[in-house]
1. If you take the residues of the stretch 21-68 that are among the hydroxyl-bearing types (Ser, Thr, Tyr) and part of a helix (DSSP H, G or I), which of them is nearest to residue 120 (Cα to Cα)?
2. Checking residue 80 against (1) in a strand (DSSP E or B); (2) loosely packed, with under 15 Cβ neighbours inside 10 Å; (3) out of contact with any Phe, Trp or Tyr (no Cβ under 6 Å at 6 or more places or on another chain), which test does it fail?
3. Restricting attention to the stretch 55-77, which residues are of a type in the set (A, V, I, L, M, F, W, C) and either surrounded by 11 or more Cβ atoms within 10 Å (Cβ to Cβ) or closer than 13 Å to residue 26 by Cβ (or both)?
4. Here is a list of conditions, (1) surrounded by 12 or more Cβ atoms within 10 Å (Cβ to Cβ); (2) touching a residue at least 60 places away in the same chain (Cβ under 8 Å), and residue 91 meets all of them except one; can you say which number that is?
5. If I filter the stretch 88-108 down to residues being assigned to a loop (DSSP other than H, G, I, E, B) and either charged (D, E, K, R) or in contact with a Leu (Cβ under 8 Å, 6 or more places away or on another chain) (or both), which single residue comes out as nearest to residue 64 (Cα to Cα)?
6. Of the conditions (1) part of a loop (DSSP other than H, G, I, E, B); (2) more than 24 Å from residue 6 (Cβ to Cβ); (3) modelled with pLDDT under 90, residue 111 clears all except one; give me its number.
7. Just one of (1) modelled with pLDDT under 90; (2) more than 23 Å from residue 34 (Cβ to Cβ); (3) not hydrophobic (A, V, I, L, M, F, W, C) trips up residue 124, so point out which.
Amino acid sequence: MGMRCPGATVVGTAALRGWRFVVTRDGVGSIARRPGAVVHGVLWRVGPRDLAAVNAYEDLDSGLYTRRFLPVRCDGRLAPALLYIARSRGRGTPRPGYMSVVVEAAHEWGFPDRYIRSLQRWSPSGWRGARIKDVGEFG
């Protein structure tokens, strides 16, 4: 996000109740409704230029994602958040390397261990070894 949207600022970590993380048939992450579930993420404040960059990156014009405002809990308060939800339905296999980036980010942001384990289950191999940052192979 920092590279694509240099004007964006972090508001904080957030939780969306009633939804779960999924990987679509297209191999990308998204969310789907599920009572009792929770999705963790990071809430960012973006300006018009940054929003245009995210729209382009997520290829909004192609119809891969739709945008929707949903209430997330951030710092003990409900806040409206703009989320990108994949239109594709059905369970898929993550693109190579995709889940390692997602899991690494979840670690970096301090998401709950239980949630991180649920993300790791999406890895095709189920591998849960050393994090990329810990072995010095990442940026």
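The values are calculated or read from the model by the stated rules, or taken from the named source; none is laboratory data. Source: prediction; values computed, not measured. Cβ placement follows ideal geometry from the backbone for every residue including glycine, while neighbour counts extend to all protein chains displayed.
1. Of everything passing the filter in the stretch 21-68, 57 is nearest to residue 120 (Cα to Cα).
2. Result: residue 80 passes all but (3).
3. The answer is 56, 60, 64, 70, 72, 74.
4. (1)
5. 88
6. The one condition residue 111 does not meet is (3).
7. Failing condition for residue 124: (2).
To keep it simple, each residue is scored yes or no on (1) more than 14 Å from residue 11 (Cβ to Cβ); (2) among the β-branched types (Val, Ile, Thr); (3) out of contact with any Cys (no Cβ under 9 Å at 6 or more places or on another chain).
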position	(1), (2), (3)
64	yes, no, yes
68	yes, no, yes
71	no, no, yes
78	no, no, yes
81	no, no, no
84	yes, no, yes
